[in-house]
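Participant: Following this message is one structure expressed as structure tokens.
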Amino acid sequence: MTKTVEENVELAGKITTPTYNSNLAKRNVADLQGVVQLLKEKKMLVRVKSPVDIKHEMAGIATRFDGGKAVLFEKLKNTDVSLLTGLYWNREVLAEIFNVKEKDLPFLSADSIEKWSKNPIEPIVVENGPANEVIIKNKENLLKDIPIPTHGLQDGGPYLDSCVLIAKDPETGVRNASIQRLMVTGPNRMTMLMDMGRHLRDYYERAEKMNKPLEITINNGVGLPVHFASTTPSSAAPIDADELGVASQLLGEPLKLLRSQTVNVEGVADAQYVIEAEILPHIRENEGPAAEVTGYYAAADDRWVVNVKAVTRRKQPIFHTIMPGKEVYNAVGLMAEASVYQKVSSMVPDVIDVYLSYGGCGFYHANVQIKKSSEGVQKNAIMATFAAFPPLRRVTIVDEDVNIYDPEDIEWALATRHDPERDMILISDARGHELNPITNDGIGTKIGIDATAPYPRPWEFQRLDMKEVMLENYDIEE
Ligand code: MN
């Protein structure tokens, strides 16, 4: 349903004074064990009880539940570890865990980024936590005991796809947290992708110039606060800031990090597994193909090499994996939305809401809702949105009476409020996201679309309206 102007104005008012207290720690949903328990109680969990192979079969089953309840595989072949997937593919589930309305999710993360940037709560380092109940140092067994799945039929091997990588700046020691894909190539060896322009790649390149490996921890099965903190875009968390502090805001208490056994970088204390490792200098080996967020396979190439030194885990871990598709869109899109909203609304106060749509992979298309206070602000909103999130390829601006979550409503605005010759901006040869095959190594054209009505709104652009009624007050047979 399209929101009324009054509802939007009310929403806009709420955004300026956000008060979200999800307190995940106090509500016992900080870690995956707590999340699984909550989802069982709320009947938001599919439980697969048949024995399932982690190679192809698990993904084949999980894909059938895309966008619905989360899926717990209780019995995998050759292991007594269970596997959770689909945790991020439905915003209803995420809203339940955070204890907020679905529509408030992006504002919750925007709020936590803002609070963190004004008053950061630094993580604290502890010696023991759930994630080092078991310590494995035998080189031949490091990765063998972890049920790492193979998703796509053409994937080059088993992949870690939802792990939070923690590293430290080789010069300043500032922590960085990010999510990367890693392919298993041996009992203690992996290859990985490091995106251009990301802090981790910057750290690595400076370490490599010093002929040193870059130490990392690879944290599997972190709770939602650490996951979302590590997807904070670099526009909101610059290279000299430790984005893990955002997690403390969502938790409601300082995040606990775990001292490692073999590297000088901490792990996440309530993760399921912590893989202690180093990215080796000057060595490249084959990585890929890999099922990716774009809905395509990313091509194989010689990429960076990871040497695993130790693995610590819980006594009874739940392995966590993310499926390509809606799940990745939400997993990255929500935090990007939050940051885009925060940046754009600080530059253009007319902005009410931002949505990075599923069809745009949660990465490439932004629908931006504004309440125009003068003519031309919509063009400023286009520029501000592109500046706020570089992977974007298309920004569509609509008025406050258009539902940015509904593709048909967006189409209606395009059909009746957009003149391509006047209302379109093309930006050639701009940097975007190199994983997208339509770009030339990340370089491509961006398009800004103004689908707003003229200001002040002429009568012929007033949307038709109907009387609001309460259906339960009527005797109706359907
Ligand atoms: Mn960073």
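No value in this document is a laboratory result; all are computed from the given coordinates. What you are looking at is a predicted structure, and each value in this text was computed from that prediction instead of being measured. When we count neighbours, we look across all protein chains shown, and the Cβ atoms used for this are built from the backbone with ideal geometry, even at glycine.
Participant: Run the numbers on the chain and let me know its relative contact order in percent, using alpha-carbon pairs under 8 Å that are six or more apart. Provide the component values of the computation, followed by the final result.
Facilitator: Details: 1054 pairs, mean separation 74.9, N = 478.
Here the relative contact order equals 16 percent.
Participant: Pop the C-beta distance of Ile239 and Lys467 into the FRET formula with R0 = 60 Å and round what comes out to the nearest 0.05. Please report the intermediate quantities before stating the final value.
Facilitator: On the way: r = 55 Å, r/R0 = 0.91.
It comes to 0.65.
Participant: Assigning unit charges at the beta carbon (Lys, Arg +1; Asp, Glu -1) and nothing else, what dipole magnitude in debye, to the nearest 20, does the chain show about its Cα centre? Numbers along the way, then the final one.
Facilitator: On the way: 53 positive and 69 negative charges, 330 e Å.
Using only the charged Cβ atoms, the result is roughly 1580 debye.
Participant: At 7 Å along the Cα-to-beta-carbon direction for both Lys55 and Ile447, put a label point, then send me their distance in nm to one decimal.
Facilitator: Roughly 4.3 nm, to one decimal.
Participant: For segment 129-177, which trypsin sites (Lys or Arg not before Pro) are in a loop by DSSP, counting at most 16 other Cβ atoms within 10 Å? The partial results should precede the final answer.
Facilitator: Numbers: sites: Lys137, Lys139, Lys144, Lys168, Arg175; in loops: Lys137, Lys139, Lys144.
Loop-located and lightly packed - Lys137, Lys139, Lys144.
Participant: So, one more: Counting other C-beta atoms within 10 Å, and keeping those with at most 16, which DSSP coil trypsin sites (Lys or Arg not before Pro) do you find in segment 348-440? Before the final figure, lay out each step's value.
Facilitator: On the way: sites: Lys371, Lys372, Lys379, Arg393, Arg394, Arg417, Arg422, Arg431; in loops: Lys371, Lys372, Arg393, Arg422.
Those satisfying the criteria are Arg422.
Participant: With the dipole of the chain worked out from charges on the C-beta (+1 for Lys and Arg, -1 for Asp and Glu) around the Cα centre, which of Gln462, Thr85, Pro407 lies farthest toward the positive end?
Facilitator: It is Thr85.
Participant: I'd like the FRET efficiency for Thr63 and Trp459, computed as 1/(1 + (r/R0)^6) with the beta carbon distance as r and R0 of 60 Å, rounded to 0.05. Can you show the working numbers first?
Facilitator: Numbers: r = 49 Å, r/R0 = 0.82.
After rounding to 0.05, the efficiency reads 0.75.
Participant: Distance between Cα centroids, segment 329-387 to segment 146-163: provide it in whole Å.
Facilitator: Each part's Cα centre sits 33 Å from the other's.
Participant: Still on this structure, please answer the following. For segment 358-444, with only Lys/Arg (+1) and Asp/Glu (-1) charged at the beta-carbon, what is the dipole magnitude about the Cα centre, in debye rounded to 20?
Facilitator: I would put it at about 320 debye.
Participant: What whole-number distance in Å separates the alpha-carbon centres of segment 441-464 and segment 254-305?
Facilitator: Centre-to-centre distance over Cα atoms comes out at 41 Å.
Participant: So, one more: Can you give the local net charge around Pro51? Use residues other than it whose beta-carbon is closer than 14 angstrom to its beta-carbon, Lys and Arg +1, Asp and Glu -1. Numbers along the way, then the final one.
Facilitator: Values: positive: Arg47, Lys49, Lys55, Lys75, Lys77; negative: Asp53, Glu57, Glu74, Asp80.
With Lys, Arg at +1 and Asp, Glu at -1, the net is +1.
Participant: Along the Cα→Cβ direction, 7 angstrom out, place labels at Asp419 and Ser374. What is the inter-label distance in nm?
Facilitator: 2.2
Participant: Helix-only estimate, please: 222 nm mean residue ellipticity of the chain, summing -39500 (n - 2.57) across DSSP H runs of length 4 or more and dividing by its residues, to the nearest 500.
Facilitator: -7500 deg cm²/dmol
Participant: Okay, moving on. Only sites in a loop by DSSP and with at most 13 other Cβ atoms within 10 Å count here; which trypsin sites (Lys or Arg not before Pro) in segment 443-478 make the cut?
Facilitator: Here the sparse-neighbourhood loop sites are Lys467.
Participant: Using 5 Å bins from zero, what percent of all Cα-Cα pairs in segment 311-356 falls into each bin?
Facilitator: In whole percents, the pair-distance histogram is 5, 18, 16, 13, 11, 13, 9, 7, 5, 3, 0.
Participant: Can you say what percent of the DSSP beta bridges in segment 324-465, counting only those with both residues inside, are antiparallel? Round to 5. Please report the intermediate quantities before stating the final value.
Facilitator: Values: 12 of 22 bridges.
Counting DSSP beta bridges with both partners in segment 324-465, the antiparallel share is about 55 percent.
Participant: Excluding residues on the same chain fewer than 8 positions from Lys372, give the lysines whose Cα lies under 21 Å from its Cα.
Facilitator: List returned: Lys3, Lys14, Lys343.
Participant: Once the piece of chain linking Lys75 and Ala300 is laid out straight, how much longer is it, given 0.36 nm per residue of separation minus the C-alpha distance between them? Can you show the working numbers first?
Facilitator: Details: separation 225, 0.36 × 225 = 81.00 nm, distance 3.15 nm.
Full extension from Lys75 to Ala300 adds 77.8 nm.
Participant: Which of the peptides 205-212, 258-265 is most tightly packed, and how do the rest follow, going by the mean number of other Cβ atoms within 10 Å of each residue? Before the final figure, lay out each step's value.
Facilitator: Details: 205-212: 13.6, 258-265: 18.1.
Top of the packing list down: 258-265, 205-212.
Participant: Where Rh is the Kirkwood radius over the Cα pairs of the chain, the temperature 37 °C and the viscosity 0.692 mPa s, what D in µm²/s does Stokes-Einstein return? Let's see the in-between values first.
Facilitator: Details: Rh = 23.4 Å.
This corresponds to a translational diffusion coefficient of 140 µm²/s.
Participant: Here is a follow-up. Using unit Cβ charges (K, R positive; D, E negative) and no other charged atoms, how large, in debye to the nearest 20, is the dipole of segment 116-166 about its Cα centre? Can you show the working numbers first?
Facilitator: Details: 4 positive and 7 negative charges, 19 e Å.
Here segment 116-166 has a charge dipole of around 80 debye.
Participant: Now a separate question. Of Lys77/Lys139; Lys115/Lys371; Lys43/Lys103; Lys26/Lys315; Lys42/Lys101; Lys256/Lys309, which ones are farther than 19 Å apart at the Cα?
Facilitator: Numbers: Lys77/Lys139 23 Å; Lys115/Lys371 26 Å; Lys43/Lys103 21 Å; Lys26/Lys315 23 Å; Lys42/Lys101 15 Å; Lys256/Lys309 22 Å.
Violating the 19 Å limit, Cα to Cα: Lys77/Lys139; Lys115/Lys371; Lys43/Lys103; Lys26/Lys315; Lys256/Lys309.
Participant: Here's something else I'd like to know. Using a Förster distance of 30 Å, how high is the FRET efficiency between Asn307 and Glu122, based on the Cβ-Cβ distance and rounded to 0.05?
Facilitator: Values: r = 29 Å, r/R0 = 0.98.
Taking R0 as 30 Å, the efficiency between Asn307 and Glu122 is 0.55.
Participant: Let me ask something else about it. Counting DSSP beta bridges in the chain, what percent are antiparallel, to the nearest 5? Numbers along the way, then the final one.
Facilitator: Working: 59 of 81 bridges.
If I count the DSSP bridges inside the chain, around 75 percent turn out antiparallel.
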